[in-house]
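Q: Below you'll find the structure I mean.
The values are calculated or read from the model by the stated rules, or taken from the named source; none is laboratory data. Everything numeric here is computed off the predicted structure, so don't read it as measured data. Every residue, glycine among them, receives a Cβ derived from its backbone with ideal geometry; neighbour counts consider all protein chains shown. Accessible surface areas use protein heavy atoms only, side chains included; no ligands, DNA or RNA. Shrake-Rupley method; radii C 1.70, N 1.55, O 1.52, S 1.80 Å.
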Amino acid sequence: VQLQASGGGLVQAGGSLRLSCAVSGRTFTNYHVAWFRQVPGKEREFVSVITWSGSRTYFADSVKGRFTISRDNAKNTVYLQMNSLKPEDTAVYYCAARLQSPTLIVEAPRYAYWGQGTQVTVSS
């Protein structure tokens with residue numbers, strides 16, 4: 001499975017960005033897809049996850065109410081819409097995939113496939 005994250009950039013606080021994660025290589029609908037983020041010197045942090053059907057999503061408390069996650073299985077793409085961005089959202093954002101499971105997984109080591117990351121910078 002290959003993942004390609006895109007859509008990062010520089011935005012002012014209060015602004016919005018939409019990240020995309022294009023997935024290829026295997027049957028897309030068998031996978032849960034998540035977003036994580038990381039700043040230098042810190043561990044990779046869970047942001048959001050979506051099930052293969054899109055019927056279940058979960059968000060970190062720090063982004064709840066500001067970020068939404070969706071997927072277009074016809075395009076094999078997952079989106080992370082980020083609104084009301086704050087300077088503390090600045091990080092490299094990674095998308096990751098794992099085979100579907102009964103529960104939504106938030107631990108980074110439990111994801112087998114990773115994209116290359118896209119930088120999001122929010123200025124104050």
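Q: If you bin every alpha carbon distance in the range 27-69 into 5 Å steps from zero, what whole percent lands in each bin?
A: Over the range 27-69, the share of Cα pairs per 5 Å bin runs 5, 23, 25, 21, 15, 8, 3 percent.
Q: Continuing with this model, one more query. Return the equivalent ellipsoid semi-axes of the range 9-50 as a descending list in whole Å, where each equals the square root of 5 times an eigenvalue of the C-alpha gyration tensor. Present the calculation step by step, with values, prior to reporting the outcome.
A: Values: eigenvalues 119, 48, 18 Å².
Output for the range 9-50: semi-axes of 24, 16, 9 Å.
Q: Would you mind checking the radius of gyration and Dmax of the range 33-105 based on alpha-carbon positions, in Å?
A: Final numbers for Rg and Dmax: 12.3, 37 Å.
Q: Still on this structure, I have one more. Take every Cα-Cα distance within the range 67-124, group them into 5 Å bins from 0 onward, and report for each bin the whole-number percent of pairs it holds.
A: Whole-percent P(r) values from 0 Å outward: 4, 14, 21, 26, 20, 11, 4, 1.
Q: Summarise the accessible area of the chain (1.4 Å probe, protein heavy atoms) by the percent that is carbon and sulfur. Write down the numbers at each step before the final one.
A: Values: 3020 of 6210 Å².
About 49 percent, which is the carbon plus sulfur part of the accessible surface.
Q: Roughly what % of DSSP beta bridges within the chain run antiparallel, to the nearest 5?
A: On the way: 38 of 42 bridges.
Expressed as a percentage, antiparallel bridges in the chain total about 90.
Q: Turning to a different aspect of this structure: How long are the three semi-axes of the equivalent ellipsoid for the chain, computed from the Cα gyration tensor as the root of 5 times each eigenvalue, in whole Å, largest first?
A: Ellipsoid semi-axes (Å, largest first): 22, 14, 14.
Q: Dipole magnitude of the range 1-109 about its Cα centre, charges +1 at Lys/Arg Cβ and -1 at Asp/Glu Cβ only, in debye to the nearest 20? Walk me through the numbers before you get to the answer.
A: Numbers: 12 positive and 7 negative charges, 44 e Å.
Magnitude of the dipole: close to 220 debye.
Q: Within the chain, what's the longest run with no trypsin sites (Lys or Arg not before Pro) in a DSSP loop and at most 12 other beta-carbon atoms within 10 Å? Give the range, please. Numbers along the way, then the final one.
A: On the way: sites that count: K42, R56, K64, K75.
Longest site-free region, per DSSP loop and neighbour criteria: 76-124.
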